[in-house]
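A short worksheet on the structure shown next.
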Amino acid sequence: MKKGGGILVIVAGSLSVFMGFITLVVGGIGGALEAEGAETVVNLGWGGVFLSFVIIVLGIATISAKSIIPPLLVLVFSIVTAIAGGSLVAIFMVLSFLGGILGVIGSRQENKERAPIN
């Protein structure tokens with residue numbers, strides 16, 4: 001279950017990078033047309049792209065980690081990225097959050113199996 005969660009996080013992060021670039025394009029077009037708030041949209045796009053790359057790295061760490069920390073970081077960064085990345089990025093952060101939940105459950109089960117029997 002941990003590997004499936006990590007793969008889901010990687011896929012969601014990759015798609016949200018793409019959506020972050022779309023947000024950048026929309027903000028750039030708005031800036032070229034001198035629309036109000038275009039700079040905010042560009043900043044949301046950059047935030048979405050950067051934090052989505054962090055999510056991808058955490059997804060890779062979730063697959064190979066033996067502790068519960070990387071999936072918990074995925075949960076935290078999914079919420080932060082959804083807030084800081086704009087609405088297009090937030091759609092895929094829901095998938096990333098679900099992948100983090102799967103990673104936490106999988107890590108707990110794996111740690112229970114490794115625990116020494118008294």
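Each label point is 7 Å from the Cα along the Cα-to-Cβ direction; what then is the distance between the points at Ile60 and Glu36, in nm?
A separation of 4.4 nm, rounded to one decimal place.
How far is it, in nm, from the label point at Val94 to the one at Glu110 when both lie 7 Å from their Cα along the line to the Cβ?
2.8
Which of Ser78, Ser67, Ser14 comes first, and how do the rest follow, when ranked by fewest Cβ neighbours within 10 Å?
Exposure proxy ranking, most exposed first: Ser67, Ser14, Ser78.
For segment 1-54, run through the GluC sites (Glu not before Pro) and keep only the ones in DSSP coil with at most 11 other Cβ atoms within 10 Å of their Cβ.
Passing both the DSSP loop test and the Cβ count: Glu34, Glu36.
What's the percent breakdown of Cα-Cα distances in segment 2-111 across 5 Å bins, shortest bin first?
3, 17, 25, 19, 13, 9, 7, 4, 3, 1, 0, 0
Go ahead and estimate [θ] at 222 nm for the chain from helices alone: -39,500 (n - 2.57) per DSSP H run with n ≥ 4, summed, over the residue count, rounded to 500.
Helix contribution divided over all residues of the chain: -30500 deg cm²/dmol.
What's the angle, to the nearest 10 degrees (0 to 90), between helix 87-114's Cα axis and the longest principal axis of the chain?
It is inclined by approximately 10 degrees.
Please build a GNM for the chain, connecting alpha carbons under 10 Å apart, and tell me which residue among Ile105, Ile29, Ile68 fluctuates the most.
Among Ile105, Ile29, Ile68, the largest GNM mean-square fluctuation belongs to Ile29.
Would you mind calculating the relative contact order of the chain from Cα pairs under 8 angstrom and at least 6 residues apart, reporting the percent as a whole number?
Dividing the mean separation by the residue count of the chain yields 39 percent.
Readers should treat all values here as calculations from the given coordinates under stated rules, not as data from a laboratory. Keep in mind it's a predicted model, so treat the numbers as computed, not measured. Quick reminder, even Gly has a Cβ in these numbers, built from the backbone with ideal geometry, and neighbours come from all protein chains shown.
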